[in-house]
1. Taking 7 Å along the Cα-to-C-beta vector as the label spot, tell me the B:Asp66-B:Glu247 distance in nanometres, rounded to one decimal.
2. Any chance you could list P(r) for region A:341-440, counting all Cα-Cα pairs in 10 angstrom bins from zero, rounded to whole %?
3. Looking at this model, which pairs from A:Lys308/A:Lys355; A:Lys370/A:Lys467; A:Lys370/A:Lys479; A:Lys376/A:Lys467; B:Lys152/B:Lys182 are more than 23 angstrom apart at the alpha-carbon?
4. Determine, from the Cβ-Cβ distance of A:Leu62 and A:Arg175 and an R0 of 30 Å, the FRET efficiency 1/(1 + (r/R0)^6), rounded to the nearest 0.05.
5. Quick check: pseudo-label points 7 Å beyond the Cα along Cα→Cβ at B:Ser147 and A:Glu151, how many nm apart are they?
6. Hey, with R₀ at 25 Å, roughly what FRET efficiency would A:Ser14 and A:Thr431 work out to, going by the Cβ-Cβ distance, to 0.05?
7. Place the peptides A:276-282, A:458-464, A:101-107 in order of packing, highest mean first, counting for every residue the other Cβ atoms within 10 Å and averaging per peptide.
8. Taking N as the number of residues in the protein assembly as shown, what is its alpha-carbon radius of gyration divided by 2.2 N^0.38 Å?
Amino acid sequence: MSATAEILDSVQSSYKWGFETDIEMDLAPKGLNEDIIRLISARKEEPLWMLEYRLKAFAAWLKMEEPDWARVDHPPIDYQDLHYYAAPKKKAGPKSLDEVDPELLKMYEKLGIPLKERAILAGVEPDPNERPQIAVDAVFDSVSVATTFRETLSKVGVIFCPISEAVRDHPDLVREYLGSVVPVADNYFSALNAAVFTDGSFVYIPKGVRCPMELSTYFRINARNTGQFERTLIIAEAGAHVSYLEGCTAPQRDENQLHAAVVELIAMDDATIKYSTVQNWYPGDADGKGGIYNFVTKRGACRGDRSKISWTQVETGSAITWKYPSCVLIGEDSVGEFYSVAVTTNHQQADTGTKMIHVGKGSSSTIVSKGISAGKSNNTYRGLVRILPSAAGARNHTQCDSLLIGDECGAHTVPYIESRNRTAKVEHEATTSKIAEDQLFYCRQRGLSEEDAVNLIVNGFCKEVLKELPMEFAVEAQKLLAVSLEGSVG
Amino acid sequence: MLDIRGLTASIGDKSILRGIDLVVPDGEVHAIMGPNGSGKSTLGYVLSGREDYTVTGGSVTFNGIDLLSLEPEARAAAGVFLAFQAPIELPGVNNANFLRTALNAIRRAHGESELDAMQFLKVARVETKRLSMPDDMLKRNVNVGFSGGEKKRNEVLQMALLRPKLAILDETDSGLDIDALKIVADGVNALRSPTFSALVITHHQRLLDHLVPNRVHVLAHGRIIRSGGPELARELEKTGYAGVLAEAA
Ligand SMILES: Nc1ncnc2c1ncn2[C@@H]1O[C@H](COP(=O)(O)OP(=O)(O)OP(=O)(O)O)[C@@H](O)[C@H]1O
Ligand SMILES: [Mg+2]
């Protein structure tokens, strides 16, 4: 059998994060209506303005229709057949790790998520061989169950907490910025999210502060028939600097589950936000049964001059990914970046890309997208570069590469370019290639197994993107790519 | 010892090797010459296990093992190395990383410990120096943007690092300048030992001046039509293939 035929023959799931955690849950009844929204708001002890915001969003959502322009296919979603709130019964929002349910701690340990703060001893140099410490917000179904290093961070004025807590404790900031980048009625899923969002992270970096450690949020879906509606808001004041990473996994189940997130980033003058995602939701089995529907709206506003927002994503999971992390480049000389690796195998579908909206003079953007398709999967890059008349001297460079493994998968590139300023420069390059038999043979002749050969070639293909990830995560991402494509070869 | 008997192979329904008999004893270097399209590269591919070719008959044993039953990577682990006539490009794959992955795969197969990046670089630098290759060749992507001659040298570097027991060099001398030719020949000569043998496919006598072969074989239409000592290559250089071809017909 030829290598490619074998690749096709044995594509199968190797999802290692698919276990369930048995824990007593507080579940809202199934269905979506004003009462459910009131219930969510009550559970989160929200102020009235937040409830009103949600109800307004719900009213808008009722008038909207699910978009159908993406190259994805799924049976209709019954929005009344979902639970919109699911939280572990024991004390939501414990104050210290000792109060967190040991079952949950065990689960995070199994997932490899560091929830322990290693004590930093006075006068002792940190061991250079140890991984740098990372602050983690752990979101489990609809609630944040732990957020680490909050004290260390608050010493420099950085706020890192669950968004449900920020609504209560930092209402002025939340009211000012929530929905300011992604308005409620931006799209069907953002409206839904605004009505029923449950948890996510809130980050505030004050003026001139360089966040002293990586911040990250780890999302876990565990409960059955539950939607997860993540909401994240990151604000970097003038001259501030932050690197943030999110990861996610879910149990292996036959039913499809919905994750509809909204992420908003705001960067003021000279501020930099680096936002990295390693998306590893359960992708469904080899026959396309089950898996997460990942419908996500992510957008950053470069409000300040010379501000910079950089999105890096490694997307290996989900049955369907619908996601376009975007930048609105308002400030002069502001910079937007989008680096993406999207892997689809079996029956996975990904329609992902970015939007770069150039408003400010001299704003520039870079898009590097690497799509890898195997099995019967479909992988679409969809990107928009819009240059407004005000954006004199704006520049964009787009590089879109697709790699095919086998003959039954698809790769599609849909670039939209709208330039309304003659001094702007927009460049677009696209390539599609296959892992050639001769490349595989060359590697195997040198002693590499077929699987190692595919990994080497795939990692080479993704290198430009992987090098944008924080070091430790780049290694994780490489391993994840290998695991995702495991079974894609003989 | 490499022992090829009655080997026939085809691609699609086109038969290319039509009965090859060839024995290369340990420690010997044999040259294979012959007109374009006669099946020389095919022989190299079939010996190393390329799947596009179907072996339709015959046998190949190498140091007592049935080579044809092994996957390409297992043949590599058994010591078979093919220097490609047209080396393959691997975009984005760092040459040093590729070489280390290959070397470690082979070391693993032999139950040897793997080399870390530092240990590997030490070993690799010795070889690049010997081959007069600039160090930055290790940093570049495998064969991407390499000149014709650089690609060939990179093949020899891989051979030097992997230390095969059977090296098949497919026109590794083509496209090399005079100095490089000498370096490549030295590379092979350095490996010569009682447990190393080589099949050197070439169109030119000049490589064989540096790398005196024990035997020279002429391959035409998928068969070895004549074998002789080193003098056969010199004769062919003068007379061309017409004579031997006519004789064999
Ligand atoms: N993939 C292929 N498809 C069809 N024919 C092929 C293929 N590979 C090789 N051939 C044919 O097999 C024959 C032998 O090819 P091969 O490359 O072995 O010749 P060679 O002796 O190495 O020639 P050269 O001296 O030009 O390198 C040629 O006629 C060639 O066209
Ligand atoms: Mg040839």
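1. 3.7 nm
2. That works out to 17, 40, 24, 14, 5, in percent per bin.
3. Values: A:Lys308/A:Lys355 15 Å; A:Lys370/A:Lys467 13 Å; A:Lys370/A:Lys479 17 Å; A:Lys376/A:Lys467 29 Å; B:Lys152/B:Lys182 13 Å.
Listed pairs above 23 Å: A:Lys376/A:Lys467.
4. After rounding to 0.05, the efficiency reads 0.80.
5. 6.5 nm
6. My answer for the efficiency is 0.30.
7. A:276-282, A:458-464, A:101-107
8. So the protein assembly as shown has a normalised radius of gyration of 1.13.
The values are calculated or read from the model by the stated rules, or taken from the named source; none is laboratory data. None of the values given here were measured: they were computed from a predicted structure. Don't worry about glycine lacking a Cβ; one is built from the backbone with ideal geometry, like all the others, and counts go over all protein chains shown. Areas reflect the complete protein model, heavy atoms only, side chains present, ligands, DNA and RNA absent. Shrake-Rupley method; radii C 1.70, N 1.55, O 1.52, S 1.80 Å.
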